[in-house]
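The values are calculated or read from the model by the stated rules, or taken from the named source; none is laboratory data. All values derive from a computational prediction rather than experimental measurement. In this analysis, Cβ positions are derived from the backbone assuming ideal geometry, glycine residues included, and neighbour counts consider all displayed protein chains.
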Amino acid sequence: MNAASSMNAPSSMNALTRRKILTAAAGIATVAVAGCGGGGSSKTNSDLSGNRVGAMDKFGVGDQFKATAPITFPIMVLSNPGYPYDAKWLFWSELTKRTNISFQPTVVPLSDYNQKRSVMVGAGNAPTIIPKTYHPAEEAFIAGGAILPVSDYLDLMPNFKDKVAKWNLQGDLDQLRQADGKFYLLPGLHQDVWADYSIAVRTDVLQKLGLSTPQTWDDVHSMLTAMKAAHPNQYPLSDRWSSTPPGPGANSLLSVLGTAYNTQAGWTYQHSTWDANAGKFVYTGAMDQYKQMVQYLHTLVSEKLMDPESFTQSDDQAKQKFATGQSFVISANAQEVINSYRKGIASIPGASVAKIPVPIGPAGAVKVGVRTENGVMISSKARNSKNFVAMMQFIDWLWYSDAGELFAKWGIEGTTYTGSVEDGTFKLAPDVTWAGLNPKGTKNLQVAYGFFNGVFAYGGSTKLLDSQFPTEELAFQNVMNSRRTLPLPPPHPLSATDREQATLWETTLLDYVNQQTLQFILGRRPLSQWDQYVSELKARNAQQYIDMINKAYQDYKQKHG
Amino acid sequence: MVNISMLRPERKAAPGAPPARVRIRPGRGYRVFQVVNALVLTGVVVVTLYPFINILAQSFSSEHAIETGRVNLIPHGLNLTTYKTVMSDSMFWRNYRNTVEYTAAATFVSMVLTTCYAYVLSKKQVKGRGVLIGIAVFTMFFNGGLIPNYVLVSQLGLRNSIWAIVLPNAINVFNLLVMKAFFESLPGELEEAAAVDGLSTYGILWRIVLPLSKAVLATMILFYAVTYWNSWFSAFLYMDRSELFPVTVYLRNIIAGATVGADNGTAGDTALQIAANIQAVTIVLTVIPILTVYPFIQRYFVSGVMLGAVKG
């Protein structure tokens, strides 16, 4: 019968493309309009007198939140296969002890979290607290009125406001704002941009060739040339992360290179890039900087320094080449170095690998990134609950206060950790292990206790972040912390109809940019044809697209700027 | 694998002749055909079996051997601790038990409903038969969609109960039509004779028709059981607690854990990668029951489908 078809329907395990998700979400949003009848967003911030049951009268920065009476909140909880949901976790009981709050969880496997969230929100059946939502996934639910414009209620959240002011996060928050000037997602807040992705290099090969760690992308080029000279039959660089949209392949490498060239590429590709000098947005794929970046990669490929399969092969293939010593350089993040690369090369005598600080390009010693993380959506119906204020205070404490962030991440002092994050004396308890820390511990912080759960623990101060790194990664972070963070582009939210039009244009443009980027890099199309390529982009509405973005920017600036 | 001897022309001995060696020698063209046939089918077997044997080999191999791509058909760096680890996870067994329960209950309900419906539809004298068939077939082509279905199941209060899995999928129209065709092919005279001897309608169904339909019943049980065993979507959608999930959801989450790991640059959540050998072990443990049952029902399976197809 009808459900029989849905039983076998989404059997594909491939990661959904952003486009697919957006299309699906748009459909769901339409249904949500019918389903929820625009429920509950009419009330404003002003009248909260009926919603204060359980709330604290005075709740400020640094205060421990404790509801005046026990309250239970429905919440969606993502069950990570690495540490599957467990109702017996110390996290839950300790949380209740400290705050008087307990949860009524809807447990959703990580594999299909987004789909279940869409269905539940669309059916008007979602739990009040919906965490683990990555911007712009929340946009699909706005039109239906299913989620709360949380920016209206920030007065209930002293810790959130404090951190935004202290860390100067206004610009980052502006990225989340919709055309109405509000935002609908309470994002995780980082003090600083966290750079994690770079390239990993076989350090023993460096040593053997008498090379030092490359500082710039030109150094990387000379390093690869030296490696090639010593091993003429091998490609020194064979890359991975080619199946993650929206880039054309080798998406992590393109992403870090994009930053180095002051443009955007790979998995951080955005169609529009802010040109601060001209005071307007330009089309990324047509930028001169983008061309220079493509030129650089083309040189690597044409000199046979980079494996042309880098852009198409699977991660496993790339990792195998690295593990068997066929390649010496590969894109990396901290986890992959420890969990995969180091284990992989264990069988090569004397081999060692390290992630090097992101090499510097023409843009100088900079880093770029948003300091907001995935975050929490609130169901609109929660606004009418008598516990609404208590809930906002609770969310503020758990996700945004120093104490709450520390608790969610490292647990209970004396039980799961000792020392202090602030003065660097932090240490996990001897029997507790997490990722690279305390590898000999018998109890995993996540599996056994439920702390450092991706649903609750993210964001926070740089010191809190640094406490999770082993010495090696800390050195990397120290280098990266000294780099200048580039400002973010000004907000330019599109209206719903414009967004639809933009999505249509983006689809064709993205395919074309990816396809041609690859052609240029692999040398199938000479770079002398760049100007022709730019006009081909125009023929695919790149200009109209950019005009629309610039108009949205102007409009927003007039209304809310 | 198909038995090639079945395809040979049948031997026919002349009546009265001594049982001599009257063997028709296959022509040259036919022998070429046999060879090609065998080769092609062997190829198909290899292609089909390879992934499974590969997973089996991985499940007994060390993680390092898999990472470096050294495991093909034979386990590398023999390792049984993965089996011990997975089998000591209580949630795995909890979900495994759910799968068995859901499959048993759902198959039973499906069989009762499908058989009854198909039997009624097979009787040409029933008034409104066309409408009943129409209703069933309509759902083959159109359905309410994901969210309306979800709302319906929620409103009926079926969420977080076994009925959310059993009821919405209870009748598979394709199976229904195959069964209907089978019942239609039974000679009507048998039932008339039974009626003359005094059996009621239900008596006829229970004591005459069903015993004659073992082939199609076995086939349908297999179809339903395999579908329910493999299904994960309705459980994922309607179950909100992990202790209610079937093992397929558990498995899917584990496999996804390895692929989602480094999604996009924003790796805020340090998604733990599930080692390839843990995935392999879970897959093997999940597949085994169906694999062991399959060969025993297969003979019904083949003849049942042929009966339905030829006579229907």
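Give the residues of the stretch A:63-94 that are within 9 Å of another protein chain (Cβ to nearest Cβ) and in a loop (DSSP other than H, G, I, E, B), sorted by residue number.
Within the stretch A:63-94, A:PRO81, A:GLY82, A:PRO84, A:TYR85, A:ASP86, A:ALA87 qualify.
B:SER200 fails exactly one of the following numbered conditions: (1) over 24 Å from the mean Cα position of the chain (by Cα); (2) at the interface with chain A (Cβ under 9 Å from one of its Cβ atoms). What is the number of that condition?
Going through (1) over 24 Å from the mean Cα position of the chain (by Cα); (2) at the interface with chain A (Cβ under 9 Å from one of its Cβ atoms) one by one, B:SER200 breaks only (2).
Every residue, every condition in (1) in a helix (DSSP H, G or I); (2) in the same structural domain as A:ASP162 (by TED's automatic domain parsing); (3) in contact with a Gly (Cβ under 8 Å, 6 or more places away or on another chain), yes or no:
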{"position": "A:ALA346", "(1), (2), (3)": "yes, no, no"}
{"position": "A:ALA351", "(1), (2), (3)": "no, no, yes"}
{"position": "A:MET391", "(1), (2), (3)": "yes, yes, no"}
{"position": "A:ILE395", "(1), (2), (3)": "yes, yes, no"}
{"position": "A:GLY424", "(1), (2), (3)": "no, no, no"}
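Test of understanding: among A:PRO136, A:PRO105, which residue is outside any strand (DSSP E or B) and either within 14 Å of chain B (Cβ to nearest Cβ) or modelled with pLDDT under 90 (or both)? Talk me through it step by step, then tell me what you get.
Values: A:PRO105 fails: outside any strand (DSSP E or B).
Checking each option against the conditions leaves just A:PRO136.
Being closer than 28 Å to A:LEU486 by Cβ and touching a residue at least 24 places away in the same chain (Cβ under 8 Å) is the requirement here; does A:GLY350 meet it? First the steps, then the outcome.
Working: closer than 28 Å to A:LEU486 by Cβ: no; touching a residue at least 24 places away in the same chain (Cβ under 8 Å): yes.
Against the criterion (closer than 28 Å to A:LEU486 by Cβ and touching a residue at least 24 places away in the same chain (Cβ under 8 Å)), A:GLY350 does not qualify.
Here's a check for you: in the stretch A:230-256, which residue that is more than 13 Å from chain B (Cβ to nearest Cβ) and outside any loop (DSSP other than H, G, I, E, B) is nearest to A:TYR290 (Cα to Cα)?
My answer is A:LEU237.
Checking the conditions here, which among A:ALA475, A:ALA496 is modelled with pLDDT of 90 or more and exposed (fewer than 15 other Cβ atoms within 10 Å of the Cβ)? Even if it seems obvious, please write down each step before you answer.
Numbers: A:ALA496 fails: modelled with pLDDT of 90 or more.
None of the other options fit; the residue is A:ALA475.
Among the residues of the stretch B:176-190, is there at least one that is surrounded by fewer than 18 Cβ atoms within 10 Å (Cβ to Cβ) and either within 14 Å of chain A (Cβ to nearest Cβ) or under 30 Å from A:GLN115 (Cβ atoms) (or both)?
First pass over the stretch B:176-190, keeping only residues surrounded by fewer than 18 Cβ atoms within 10 Å (Cβ to Cβ): B:184-190.
When the remaining residues are screened for being either within 14 Å of chain A (Cβ to nearest Cβ) or under 30 Å from A:GLN115 (Cβ atoms) (or both), the result is none.
Checked the stretch B:176-190: no residue is surrounded by fewer than 18 Cβ atoms within 10 Å (Cβ to Cβ) and either within 14 Å of chain A (Cβ to nearest Cβ) or under 30 Å from A:GLN115 (Cβ atoms) (or both).
Hey, does the stretch B:177-191 have a residue that's of a type in the set (Val, Ile, Thr) and free of Cβ contacts under 8 Å to residues at least 24 places away in the same chain? Give the derivation first.
Step one: list which residues in the stretch B:177-191 are of a type in the set (Val, Ile, Thr), which gives B:178.
If we keep only those that are free of Cβ contacts under 8 Å to residues at least 24 places away in the same chain as well, we get none.
Within the stretch B:177-191, none of the residues are of a type in the set (Val, Ile, Thr) and free of Cβ contacts under 8 Å to residues at least 24 places away in the same chain.
Give me a count of the residues in the stretch B:122-145 that are in a helix (DSSP H, G or I), without any contact (Cβ under 8 Å) to a residue 60 or more places away in the chain and not aromatic (Phe, Trp, Tyr). Write out each step before concluding.
Within the stretch B:122-145, the first condition is being in a helix (DSSP H, G or I), and the residues that meet it are B:122, B:129-141.
Checking the rest, the ones that are also without any contact (Cβ under 8 Å) to a residue 60 or more places away in the chain come to B:129-141.
Next, only the ones that are not aromatic (Phe, Trp, Tyr) stay: B:129-137, B:139-140.
So the answer is 11.
Would the stretch A:312-321 turn up any residue that is out of contact with any Asp or Glu (no Cβ under 9 Å at 6 or more places or on another chain) and either hydrophobic (A, V, I, L, M, F, W, C) or within 21 Å of A:VAL220 (Cα to Cα) (or both)?
First, pick out the residues of the stretch A:312-321 that are out of contact with any Asp or Glu (no Cβ under 9 Å at 6 or more places or on another chain): A:312, A:314-315.
Keeping just the survivors that are either hydrophobic (A, V, I, L, M, F, W, C) or within 21 Å of A:VAL220 (Cα to Cα) (or both) gives none.
No: the stretch A:312-321 contains no residue that is out of contact with any Asp or Glu (no Cβ under 9 Å at 6 or more places or on another chain) and either hydrophobic (A, V, I, L, M, F, W, C) or within 21 Å of A:VAL220 (Cα to Cα) (or both).
Just to be sure before I move on: is B:LEU146 at pLDDT below 95, surrounded by 14 or more Cβ atoms within 10 Å (Cβ to Cβ) and more than 28 Å from the chain's Cα centre (by Cα) in the structure I sent?
no
When residues of the stretch A:143-167 are filtered for being in contact with a strand residue (DSSP E or B) (Cβ under 6 Å, 6 or more places away or on another chain) and assigned to a helix (DSSP H, G or I), how many remain? Before you say what the answer is, go through the steps one by one.
Within the stretch A:143-167, the subset in contact with a strand residue (DSSP E or B) (Cβ under 6 Å, 6 or more places away or on another chain) is A:147-148, A:150, A:163.
From what's left, assigned to a helix (DSSP H, G or I): A:150, A:163.
Within the stretch A:143-167, residues that are in contact with a strand residue (DSSP E or B) (Cβ under 6 Å, 6 or more places away or on another chain) and assigned to a helix (DSSP H, G or I) number 2.
Quick test for you: out of A:LYS166, A:LYS116, pick the one residue that is within 14 Å of another protein chain (Cβ to nearest Cβ) and free of Cβ contacts under 8 Å to residues at least 60 places away in the same chain.
On the way: A:LYS166 fails: within 14 Å of another protein chain (Cβ to nearest Cβ).
That would be A:LYS116, the only listed residue that is within 14 Å of another protein chain (Cβ to nearest Cβ) and free of Cβ contacts under 8 Å to residues at least 60 places away in the same chain.
Collect the residues in the stretch A:539-560 that are surrounded by fewer than 15 Cβ atoms within 10 Å (Cβ to Cβ) and free of Cβ contacts under 8 Å to residues at least 60 places away in the same chain, keeping them in residue-number order. So that I can check it myself, show each step before the final result.
So the first thing to find is which residues in the stretch A:539-560 are surrounded by fewer than 15 Cβ atoms within 10 Å (Cβ to Cβ), and the list is A:539, A:543-544, A:547, A:551, A:554, A:557-560.
Residues satisfying the conditions are A:ALA539, A:GLN544, A:ASP547, A:LYS551, A:GLN554, A:GLN558.
Looking only at the stretch A:326-343, which residues are surrounded by fewer than 20 Cβ atoms within 10 Å (Cβ to Cβ), more than 10 Å from chain B (Cβ to nearest Cβ) and over 30 Å from A:ARG484 (Cα atoms)?
A:GLN326, A:ARG342
Checking the condition in contact with an Asp or Glu (Cβ under 7 Å, 6 or more places away or on another chain) and either touching a residue at least 24 places away in the same chain (Cβ under 8 Å) or at the interface with another protein chain (Cβ under 10 Å from one of its Cβ atoms) (or both), which residue from B:ASN169, B:ASN160 passes?
Matching residue, one of B:ASN169, B:ASN160: B:ASN160.
For A:ASP218, are the conditions met, namely being modelled with pLDDT under 95, surrounded by fewer than 21 Cβ atoms within 10 Å (Cβ to Cβ) and outside any loop (DSSP other than H, G, I, E, B)?
Working: modelled with pLDDT under 95: no; surrounded by fewer than 21 Cβ atoms within 10 Å (Cβ to Cβ): yes; outside any loop (DSSP other than H, G, I, E, B): yes.
Here the answer is no, as A:ASP218 does not meet what is asked.
Residues to consider are A:ALA346, A:ALA363, A:ALA323, A:ALA318; find the one that is within 20 Å of A:GLY266 (Cβ to Cβ), within 12 Å of chain B (Cβ to nearest Cβ) and of a type in the set (A, V, I, L, M, F, W, C). Full working, then the answer.
Working: A:ALA346 fails: within 20 Å of A:GLY266 (Cβ to Cβ); A:ALA363 fails: within 12 Å of chain B (Cβ to nearest Cβ); A:ALA323 fails: within 20 Å of A:GLY266 (Cβ to Cβ).
Among A:ALA346, A:ALA363, A:ALA323, A:ALA318, only A:ALA318 is within 20 Å of A:GLY266 (Cβ to Cβ), within 12 Å of chain B (Cβ to nearest Cβ) and of a type in the set (A, V, I, L, M, F, W, C).
Could you figure out which of (1) buried (at least 19 other Cβ atoms within 10 Å of the Cβ); (2) under 30 Å from A:HIS135 (Cα atoms) isn't true of A:ASP288?
It is condition (1) that A:ASP288 fails.
Restricting attention to the stretch A:455-480, report how many residues are within 13 Å of A:LYS427 (Cα to Cα) and outside any helix (DSSP H, G or I).
Residues meeting the conditions: 4.
Inside the stretch A:195-222, can you point out the residues that are without any contact (Cβ under 8 Å) to a residue 24 or more places away in the chain and either farther than 23 Å from A:ILE348 by Cα or touching a Leu at 6+ places or on another chain (Cβ under 7 Å) (or both)? Give the steps one after another, and end with the answer.
Of all residues in the stretch A:195-222, those without any contact (Cβ under 8 Å) to a residue 24 or more places away in the chain come to A:206-212, A:218, A:222.
A:ASP218, A:SER222, listed by residue number.
Confirm whether A:VAL366 is at pLDDT below 95, closer than 28 Å to A:VAL164 by Cβ and not basic (Lys, Arg). Let's see the steps before the verdict.
Details: at pLDDT below 95: yes; closer than 28 Å to A:VAL164 by Cβ: yes; not basic (Lys, Arg): yes.
So A:VAL366 fits the description; yes.
Just one of the numbered conditions (1) without any contact (Cβ under 8 Å) to a residue 60 or more places away in the chain; (2) among the acidic types (Asp, Glu); (3) touching a helix residue (DSSP H, G or I) at 6+ places or on another chain (Cβ under 7 Å) is not true of A:ASP239; which one?
So A:ASP239 meets the others, but not (1).
Could you look through the stretch B:214-240, keep only residues that are under 19 Å from B:TYR117 (Cβ atoms) and within 10 Å of chain A (Cβ to nearest Cβ), and pick out the one that is surrounded by the fewest Cβ atoms within 10 Å (Cβ to Cβ)?
B:THR227
Any residue in the stretch B:240-252 that is within 18 Å of B:VAL153 (Cα to Cα) sitting within a Cβ distance under 7 Å of a residue that is in a helix (DSSP H, G or I) and at pLDDT 90 or above? List the pairs, counting only those 6 or more apart or interchain.
From residues that are within 18 Å of B:VAL153 (Cα to Cα), the pairs are B:LEU244/B:ASN98; B:PHE245/B:ASN95; B:PHE245/B:ASN98; B:PHE245/B:ALA235.
Only one of B:MET87, B:MET91, B:MET111 is under 30 Å from B:LEU285 (Cβ atoms), touching a helix residue (DSSP H, G or I) at 6+ places or on another chain (Cβ under 9 Å), in contact (Cβ under 8 Å) with a residue 24 or more places away in the chain and within 12 Å of chain A (Cβ to nearest Cβ). Can you tell me which?
Working: B:MET87 fails: within 12 Å of chain A (Cβ to nearest Cβ); B:MET111 fails: within 12 Å of chain A (Cβ to nearest Cβ).
On inspection, the qualifying residue turns out to be B:MET91.
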